[in-house]
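To keep things clear, I will list the structure first and then write my remarks on it.
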Amino acid sequence: MNRRLLRRGSRDHYLDAALYDHEYRRRREDVRFYRKVADEAGGPILELGCGTGRVTMPLARDGHHLVGFDISSTMLARARQRLTRLPKRCPRPLLFRGDLQHFALGRRFPLIISAFNTLQHVYTAERLLAVLAHVARHLETGGLFAFDVLMPDCEWLARDPEKRWVRRRFRHPETGEQLIYSTNHDYDAVGQVAYVRIYYSPVEGEGNKGQGNERVVHLAHRQWYPQELSLILETAGFRVEARYGGFGREGLSSVSESQIYLCRLV
Ligand SMILES: C[S@@+](CC[C@H](N)C(=O)[O-])C[C@H]1O[C@@H](n2cnc3c(N)ncnc32)[C@H](O)[C@@H]1O
(Lines give C-alpha, C1' and ligand atoms only; values in the text may rest on other atoms or scores of the structure.)
Protein backbone atom coordinates (compact mmCIF):
# COMPACT_ATOMS: atom_id res chain seq x y z
CA MET A 1 0.00 0.00 0.00
CA ASN A 2 1.16 3.50 -0.79
CA ARG A 3 1.31 5.35 2.57
CA ARG A 4 1.66 8.80 1.02
CA LEU A 5 -1.36 8.28 -1.22
CA LEU A 6 -3.35 6.80 1.67
CA ARG A 7 -2.63 9.90 3.73
CA ARG A 8 -3.53 12.27 0.91
CA GLY A 9 -6.47 10.04 0.05
CA SER A 10 -8.08 10.57 3.42
CA ARG A 11 -7.39 14.33 3.56
CA ASP A 12 -7.33 15.98 0.09
CA HIS A 13 -10.98 15.49 -0.77
CA TYR A 14 -12.03 17.27 2.42
CA LEU A 15 -9.88 20.39 2.11
CA ASP A 16 -12.52 22.25 0.09
CA ALA A 17 -15.55 21.76 2.32
CA ALA A 18 -17.76 24.16 0.34
CA LEU A 19 -17.14 22.11 -2.78
CA TYR A 20 -17.84 18.89 -0.84
CA ASP A 21 -21.22 20.24 0.25
CA HIS A 22 -21.96 21.39 -3.29
CA GLU A 23 -21.09 18.01 -4.78
CA TYR A 24 -23.30 16.11 -2.35
CA ARG A 25 -26.12 18.64 -1.98
CA ARG A 26 -28.61 16.22 -3.56
CA ARG A 27 -27.62 13.27 -1.40
CA ARG A 28 -30.66 13.09 0.84
CA GLU A 29 -31.72 9.45 1.07
CA ASP A 30 -28.99 8.53 3.55
CA VAL A 31 -29.90 11.51 5.72
CA ARG A 32 -33.53 10.33 5.81
CA PHE A 33 -32.30 6.83 6.72
CA TYR A 34 -30.13 8.03 9.64
CA ARG A 35 -32.98 10.26 10.88
CA LYS A 36 -35.25 7.19 11.08
CA VAL A 37 -32.55 5.11 12.77
CA ALA A 38 -32.02 7.88 15.33
CA ASP A 39 -35.75 8.18 15.99
CA GLU A 40 -35.95 4.43 16.57
CA ALA A 41 -32.77 4.10 18.68
CA GLY A 42 -32.88 7.44 20.50
CA GLY A 43 -29.89 9.59 21.48
CA PRO A 44 -27.52 10.97 22.51
CA ILE A 45 -25.69 10.06 19.33
CA LEU A 46 -21.97 9.82 18.69
CA GLU A 47 -21.02 10.49 15.07
CA LEU A 48 -17.65 9.35 13.75
CA GLY A 49 -16.42 11.44 10.81
CA CYS A 50 -19.22 14.01 10.98
CA GLY A 51 -17.66 16.10 8.19
CA THR A 52 -19.57 19.32 7.42
CA GLY A 53 -22.53 18.18 9.52
CA ARG A 54 -24.54 17.04 6.51
CA VAL A 55 -26.16 14.31 8.66
CA THR A 56 -25.45 15.88 12.09
CA MET A 57 -27.56 19.01 11.63
CA PRO A 58 -30.77 17.30 10.43
CA LEU A 59 -30.48 14.98 13.47
CA ALA A 60 -30.05 18.00 15.76
CA ARG A 61 -33.08 19.62 14.11
CA ASP A 62 -35.01 16.48 15.04
CA GLY A 63 -34.13 17.21 18.67
CA HIS A 64 -31.27 14.72 19.15
CA HIS A 65 -28.24 15.49 21.28
CA LEU A 66 -25.04 14.73 19.35
CA VAL A 67 -21.32 14.54 19.80
CA GLY A 68 -19.48 14.53 16.48
CA PHE A 69 -15.87 14.53 15.51
CA ASP A 70 -13.80 14.55 12.36
CA ILE A 71 -10.13 14.62 11.48
CA SER A 72 -10.51 17.42 8.94
CA SER A 73 -10.44 20.95 10.35
CA THR A 74 -11.86 22.39 7.10
CA MET A 75 -14.88 20.08 7.25
CA LEU A 76 -15.36 20.93 10.94
CA ALA A 77 -15.13 24.66 10.26
CA ARG A 78 -17.98 24.29 7.78
CA ALA A 79 -19.96 22.23 10.31
CA ARG A 80 -19.47 25.03 12.86
CA GLN A 81 -20.86 27.55 10.35
CA ARG A 82 -23.90 25.33 10.04
CA LEU A 83 -24.28 25.30 13.81
CA THR A 84 -24.99 29.01 13.74
CA ARG A 85 -27.99 28.38 11.46
CA LEU A 86 -29.63 25.85 13.79
CA PRO A 87 -32.87 27.12 15.31
CA LYS A 88 -32.58 28.03 19.02
CA ARG A 89 -34.88 25.19 20.06
CA CYS A 90 -32.41 22.54 18.75
CA PRO A 91 -29.75 20.96 20.95
CA ARG A 92 -26.30 22.18 19.85
CA PRO A 93 -24.09 19.28 18.65
CA LEU A 94 -20.74 19.16 20.40
CA LEU A 95 -18.11 19.08 17.63
CA PHE A 96 -14.40 18.51 17.92
CA ARG A 97 -11.38 17.41 15.94
CA GLY A 98 -10.56 13.77 16.49
CA ASP A 99 -9.39 10.58 14.87
CA LEU A 100 -11.76 7.64 14.73
CA GLN A 101 -8.77 5.33 15.02
CA HIS A 102 -7.95 6.70 18.51
CA PHE A 103 -10.77 8.16 20.56
CA ALA A 104 -11.69 7.96 24.24
CA LEU A 105 -14.55 10.16 25.37
CA GLY A 106 -15.16 8.49 28.72
CA ARG A 107 -18.86 8.07 28.10
CA ARG A 108 -21.25 5.71 26.33
CA PHE A 109 -24.01 6.29 23.78
CA PRO A 110 -27.13 4.33 22.80
CA LEU A 111 -26.36 5.08 19.13
CA ILE A 112 -23.12 5.53 17.22
CA ILE A 113 -23.18 6.35 13.51
CA SER A 114 -20.61 6.71 10.77
CA ALA A 115 -22.19 7.88 7.53
CA PHE A 116 -21.20 8.03 3.88
CA ASN A 117 -18.18 5.77 3.44
CA THR A 118 -16.18 7.21 6.33
CA LEU A 119 -15.00 3.72 7.33
CA GLN A 120 -13.45 3.37 3.86
CA HIS A 121 -10.70 5.62 5.23
CA VAL A 122 -9.68 2.78 7.52
CA TYR A 123 -7.36 0.85 5.27
CA THR A 124 -6.69 -2.50 6.93
CA ALA A 125 -8.71 -5.18 8.69
CA GLU A 126 -6.51 -4.79 11.82
CA ARG A 127 -7.25 -1.08 11.95
CA LEU A 128 -10.95 -1.65 11.46
CA LEU A 129 -10.89 -4.09 14.37
CA ALA A 130 -9.21 -1.40 16.48
CA VAL A 131 -11.86 1.16 15.45
CA LEU A 132 -14.62 -1.30 16.33
CA ALA A 133 -13.03 -1.86 19.76
CA HIS A 134 -13.27 1.92 20.33
CA VAL A 135 -16.88 1.88 19.14
CA ALA A 136 -17.65 -1.00 21.54
CA ARG A 137 -16.16 0.97 24.47
CA HIS A 138 -18.48 3.90 23.67
CA LEU A 139 -21.72 1.93 23.19
CA GLU A 140 -24.26 1.44 25.94
CA THR A 141 -25.41 -2.12 26.59
CA GLY A 142 -27.86 -2.94 23.80
CA GLY A 143 -26.69 0.13 21.86
CA LEU A 144 -26.67 0.33 18.08
CA PHE A 145 -23.83 1.03 15.65
CA ALA A 146 -25.05 2.13 12.20
CA PHE A 147 -22.79 2.83 9.25
CA ASP A 148 -22.61 2.61 5.48
CA VAL A 149 -19.81 1.93 3.02
CA LEU A 150 -19.82 1.41 -0.72
CA MET A 151 -20.45 -2.02 -2.15
CA PRO A 152 -17.32 -2.92 -4.17
CA ASP A 153 -18.23 -2.58 -7.85
CA CYS A 154 -15.97 -4.91 -9.83
CA GLU A 155 -16.77 -3.26 -13.15
CA TRP A 156 -15.94 0.19 -11.79
CA LEU A 157 -12.77 -1.02 -10.07
CA ALA A 158 -11.51 -2.52 -13.35
CA ARG A 159 -11.94 0.71 -15.32
CA ASP A 160 -9.07 1.91 -17.49
CA PRO A 161 -6.97 4.11 -15.13
CA GLU A 162 -5.70 6.19 -18.06
CA LYS A 163 -9.12 7.34 -19.26
CA ARG A 164 -11.04 10.25 -17.77
CA TRP A 165 -14.46 9.19 -16.52
CA VAL A 166 -17.66 11.06 -15.66
CA ARG A 167 -16.69 14.52 -17.10
CA ARG A 168 -19.15 17.06 -15.79
CA ARG A 169 -19.05 20.82 -16.07
CA PHE A 170 -19.93 22.95 -13.06
CA ARG A 171 -19.31 26.28 -11.34
CA HIS A 172 -17.36 26.37 -8.08
CA PRO A 173 -19.87 27.43 -5.38
CA GLU A 174 -17.52 30.01 -3.84
CA THR A 175 -15.07 31.19 -6.52
CA GLY A 176 -17.56 30.99 -9.40
CA GLU A 177 -14.86 29.38 -11.53
CA GLN A 178 -16.14 27.16 -14.33
CA LEU A 179 -14.60 23.74 -13.99
CA ILE A 180 -14.76 20.32 -15.55
CA TYR A 181 -14.87 17.46 -13.11
CA SER A 182 -13.55 14.06 -14.15
CA THR A 183 -12.06 11.07 -12.36
CA ASN A 184 -10.05 7.91 -12.78
CA HIS A 185 -8.37 5.50 -10.38
CA ASP A 186 -5.90 2.71 -9.84
CA TYR A 187 -7.09 -0.30 -7.93
CA ASP A 188 -4.72 -2.24 -5.69
CA ALA A 189 -6.53 -5.58 -5.60
CA VAL A 190 -4.22 -6.97 -2.91
CA GLY A 191 -4.57 -4.09 -0.48
CA GLN A 192 -8.19 -3.64 -1.63
CA VAL A 193 -7.73 0.10 -1.99
CA ALA A 194 -9.01 2.25 -4.85
CA TYR A 195 -6.70 5.24 -5.37
CA VAL A 196 -9.02 7.75 -6.98
CA ARG A 197 -7.92 10.93 -8.69
CA ILE A 198 -10.48 13.69 -9.08
CA TYR A 199 -9.54 16.29 -11.68
CA TYR A 200 -10.86 19.84 -11.64
CA SER A 201 -9.91 21.45 -14.94
CA PRO A 202 -10.60 25.13 -15.61
CA VAL A 203 -12.86 25.74 -18.63
CA GLU A 204 -11.03 27.84 -21.20
CA GLY A 205 -12.74 31.02 -22.27
CA GLU A 206 -14.38 34.28 -21.23
CA GLY A 207 -14.24 35.21 -17.58
CA ASN A 208 -12.18 32.18 -16.76
CA LYS A 209 -8.89 33.16 -18.35
CA GLY A 210 -5.68 32.58 -16.46
CA GLN A 211 -7.40 31.02 -13.48
CA GLY A 212 -4.78 28.35 -13.11
CA ASN A 213 -4.06 24.78 -13.85
CA GLU A 214 -5.89 21.57 -13.44
CA ARG A 215 -6.16 20.52 -9.78
CA VAL A 216 -5.87 16.83 -8.83
CA VAL A 217 -7.50 15.70 -5.62
CA HIS A 218 -6.66 12.29 -4.20
CA LEU A 219 -9.19 10.02 -2.55
CA ALA A 220 -8.28 6.55 -1.25
CA HIS A 221 -11.12 4.15 -0.47
CA ARG A 222 -10.67 0.74 1.14
CA GLN A 223 -13.05 -1.68 -0.52
CA TRP A 224 -14.88 -3.65 2.15
CA TYR A 225 -16.35 -6.89 0.81
CA PRO A 226 -19.56 -8.02 2.53
CA GLN A 227 -18.25 -11.38 3.73
CA GLU A 228 -15.10 -9.94 5.30
CA LEU A 229 -17.03 -7.05 6.83
CA SER A 230 -19.50 -9.42 8.53
CA LEU A 231 -16.61 -11.53 9.82
CA ILE A 232 -14.72 -8.48 11.13
CA LEU A 233 -17.85 -7.18 12.88
CA GLU A 234 -18.45 -10.59 14.44
CA THR A 235 -14.81 -10.88 15.53
CA ALA A 236 -15.12 -7.48 17.20
CA GLY A 237 -18.13 -8.76 19.17
CA PHE A 238 -20.94 -7.26 17.09
CA ARG A 239 -24.06 -8.98 15.84
CA VAL A 240 -25.25 -7.72 12.45
CA GLU A 241 -28.90 -7.02 13.14
CA ALA A 242 -29.64 -5.81 9.62
CA ARG A 243 -27.67 -5.36 6.43
CA TYR A 244 -29.18 -3.32 3.61
CA GLY A 245 -28.23 -2.56 0.04
CA GLY A 246 -30.05 0.77 -0.09
CA PHE A 247 -31.23 3.54 2.20
CA GLY A 248 -34.85 2.49 1.62
CA ARG A 249 -33.83 -0.72 3.49
CA GLU A 250 -33.61 -2.79 0.28
CA GLY A 251 -31.78 -6.12 0.59
CA LEU A 252 -28.08 -6.24 -0.23
CA SER A 253 -27.46 -7.63 -3.73
CA SER A 254 -24.79 -7.70 -6.43
CA VAL A 255 -26.12 -4.43 -7.86
CA SER A 256 -26.35 -2.51 -4.57
CA GLU A 257 -24.42 0.75 -4.48
CA SER A 258 -23.98 0.80 -0.71
CA GLN A 259 -23.83 -1.62 2.18
CA ILE A 260 -25.61 -0.37 5.26
CA TYR A 261 -25.13 -2.10 8.60
CA LEU A 262 -27.03 -1.97 11.85
CA CYS A 263 -25.04 -3.80 14.54
CA ARG A 264 -25.28 -4.47 18.24
CA LEU A 265 -22.74 -5.76 20.73
CA VAL A 266 -23.34 -9.38 21.58
C1 LIG B 1 -17.22 11.08 2.82
S2 LIG B 1 -16.94 12.07 4.21
C3 LIG B 1 -18.43 11.81 5.15
C4 LIG B 1 -18.73 12.99 6.05
C5 LIG B 1 -20.08 12.93 6.72
N6 LIG B 1 -20.21 11.75 7.55
C7 LIG B 1 -21.18 12.94 5.68
O8 LIG B 1 -22.00 12.02 5.68
O9 LIG B 1 -21.23 13.89 4.86
C10 LIG B 1 -15.74 11.18 5.15
C11 LIG B 1 -15.30 11.94 6.38
O12 LIG B 1 -14.41 11.14 7.14
C13 LIG B 1 -13.44 11.99 7.72
N14 LIG B 1 -12.29 11.18 8.13
C15 LIG B 1 -11.41 10.51 7.36
N16 LIG B 1 -10.52 9.86 8.13
C17 LIG B 1 -10.88 10.11 9.43
C18 LIG B 1 -10.34 9.72 10.69
N19 LIG B 1 -9.26 8.94 10.78
N20 LIG B 1 -10.95 10.15 11.81
C21 LIG B 1 -12.03 10.96 11.74
N22 LIG B 1 -12.57 11.38 10.57
C23 LIG B 1 -12.01 10.94 9.44
C24 LIG B 1 -13.13 12.98 6.62
O25 LIG B 1 -12.48 14.12 7.07
C26 LIG B 1 -14.55 13.23 6.08
O27 LIG B 1 -15.15 14.31 6.73
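The values are calculated or read from the model by the stated rules, or taken from the named source; none is laboratory data. Because the structure is predicted, anything quoted here is derived from the model rather than measured. Glycine gets a Cβ as well: all are built from the backbone with ideal geometry, and neighbour counts include every protein chain shown.
Some observations on this one:
- If only residues of region 249-266 that are part of a loop (DSSP other than H, G, I, E, B) and of a type in the set (Ser, Thr, Tyr) are counted, the one that is surrounded by the most Cβ atoms within 10 Å (Cβ to Cβ) is SER256.
- Any hit, region 17-32, residues being farther than 25 Å from TYR261 by Cα and in contact with a helix residue (DSSP H, G or I) (Cβ under 8 Å, 6 or more places away or on another chain): yes
- Check on GLU162, more than 27 Å from ARG78 (Cα to Cα) and over 23 Å from the mean Cα position of the chain (by Cα): yes
- Restricted to helices (runs of 4 or more DSSP H) entirely inside region 1-101, those with at least 2 residues that are more than 8 Å from the ligand (Cβ to nearest atom) and free of Cβ contacts under 8 Å to residues at least 40 places away in the same chain are 3-9, 29-41, 56-61, 73-83.
- Residues that are surrounded by fewer than 18 Cβ atoms within 10 Å (Cβ to Cβ) and charged (D, E, K, R) within region 189-205 comprise just one, GLU204.
- Hits in region 102-143 (condition: assigned to a helix (DSSP H, G or I), within 13 Å of the ligand (Cβ to nearest atom) and over 24 Å from ASP30 (Cβ atoms)): ALA130
- Some residue of region 238-245 being modelled with pLDDT of 95 or more, among the hydroxyl-bearing types (Ser, Thr, Tyr) and in contact with a strand residue (DSSP E or B) (Cβ under 8 Å, 6 or more places away or on another chain): yes
- Here GLU162 clears all of (1) under 28 Å from GLY246 (Cα atoms); (2) among the charged types (D, E, K, R); (3) not assigned by TED's automatic domain parsing to the domain that holds LEU66 except the condition numbered (1).
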